[in-house]
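Notes for the one structure printed next.
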Amino acid sequence: MPTAQSVMLAIHCKKTETVDIKTPLLTYIRATYSDREADDAADDLERVQALRAEVALAQSGTQPSARETLIKYYRYLCAIETRFPISKEKGTAQVSFAWFDAFRPSRRVAQHNMHYEKACVLFNLAALASQQGLQSDRTSSDGLTQACKLFQEACGSFQLLREVESGKTETPRPLDISAECVGLLEKLMLTQAQALDARTSAALPEALQRELAEIEAIGGTNHLKGILAEIGELRREVDDDLLAAQASLDADARADAEARAQHGDKWRAQAAASAAKPYWDRISQYRLPC
């Protein structure tokens, strides 16, 4: 049964209808420039038209390269926006973009507005990222990291929609691309990314998980506790021997100082570590071979 911590939400994509972009743009080019320039632009506009058809089919996070298609199309729209005025007004490219509300699929809204098209594309880009985040294997460390990244990308797309495109669409605008709704979705995606980030930080690295599996294979944690207990006992013995060796050296130093005070230059010290030698020999037993 899913727990409160494991439940994540994804957003459905907006659906759209077939839109004829090529013909209105060619008409505008012929009217504004010349037939020759319209003919030169025909192949490029055909590619845009084909890409728009792919965007209409990019509705699921399981589709390969669906997000890449949306990103490419959004870049095309940004380029078209700087070259062609699109509106209902005479003398402009009269392209009508039709989309359905993601939360009320029966509601169709069409606008002669490039920002409306861009807003809808950004909405679907964020929705696809959220779907892919939900589909990620969040039981593994790598899956958690991937899902966190995807929810962050969904948050970023919703933020761009809210800050740049939503306010430039015509009113009344659909609920799903309104600033209020998109702001809520943005916060939802950010919250889910932060929740996964916390779980990722708490998860054990893959290498450590493998080491723990190896420990289980040789006897489990009880065996490991026994080894640690032996190491602890050896550590105490070494510490005791070090303290005894230091005390012996201190005693040798005091005896040497007293002899020098009594005999002056005639005094010749014996081997300084003679008394501590047994302790050093014991300590050397604990050294690992190089």
Filter result for ALA98 (closer than 28 Å to ARG30 by Cβ, aliphatic (A, V, I, L, M) and in the same structural domain as GLU46 (by TED's automatic domain parsing)): yes
Residue check for ALA195: buried (at least 23 other Cβ atoms within 10 Å of the Cβ), in a helix (DSSP H, G or I) and of a type outside the set (Lys, Arg): no
Subset of region 97-113 (residues that are in a loop (DSSP other than H, G, I, E, B), out of contact with any helix residue (DSSP H, G or I) (no Cβ under 7 Å at 6 or more places or on another chain) and buried (at least 17 other Cβ atoms within 10 Å of the Cβ)): HIS112, ASN113
Evaluation of PRO64 against (1) under 26 Å from ALA179 (Cα atoms); (2) surrounded by fewer than 14 Cβ atoms within 10 Å (Cβ to Cβ) (one fails), failing number: (1)
Residue pairs meeting the criteria (Cβ under 7 Å; at least 6 apart or on separate chains; first more than 12 Å from LYS118 (Cβ to Cβ) and part of a loop (DSSP other than H, G, I, E, B), in region 68-84; second among the hydrophobic types (A, V, I, L, M, F, W, C) and modelled with pLDDT of 95 or more): PHE84/LEU25; PHE84/ALA93
Options ALA119, ALA202, ALA147: the member that is modelled with pLDDT of 95 or more and among the aliphatic types (A, V, I, L, M): ALA119
Any hit, region 120-130, residues being assigned by TED's automatic domain parsing to the domain that holds GLU37 and not in a helix (DSSP H, G or I): no
Exclusive hit being at pLDDT below 95, among the charged types (D, E, K, R) and part of a helix (DSSP H, G or I), set ASP142, ASP176: ASP142
Filtered residue count, region 4-60, keeping only those that are of a type in the set (S, T, N, Q), more than 25 Å from ALA119 (Cα to Cα) and outside any helix (DSSP H, G or I): 3
Looking only at region 121-146, and only at residues there that are of a type in the set (D, E, K, R) and in contact (Cβ under 8 Å) with a residue 60 or more places away in the chain, the one that is surrounded by the fewest Cβ atoms within 10 Å (Cβ to Cβ): ASP142
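The values are calculated or read from the model by the stated rules, or taken from the named source; none is laboratory data. Please read all numbers here as calculations on a predicted model, not as lab measurements. Note that we place each Cβ from the backbone using ideal geometry, even for glycine, and neighbour counts take in every protein chain shown.
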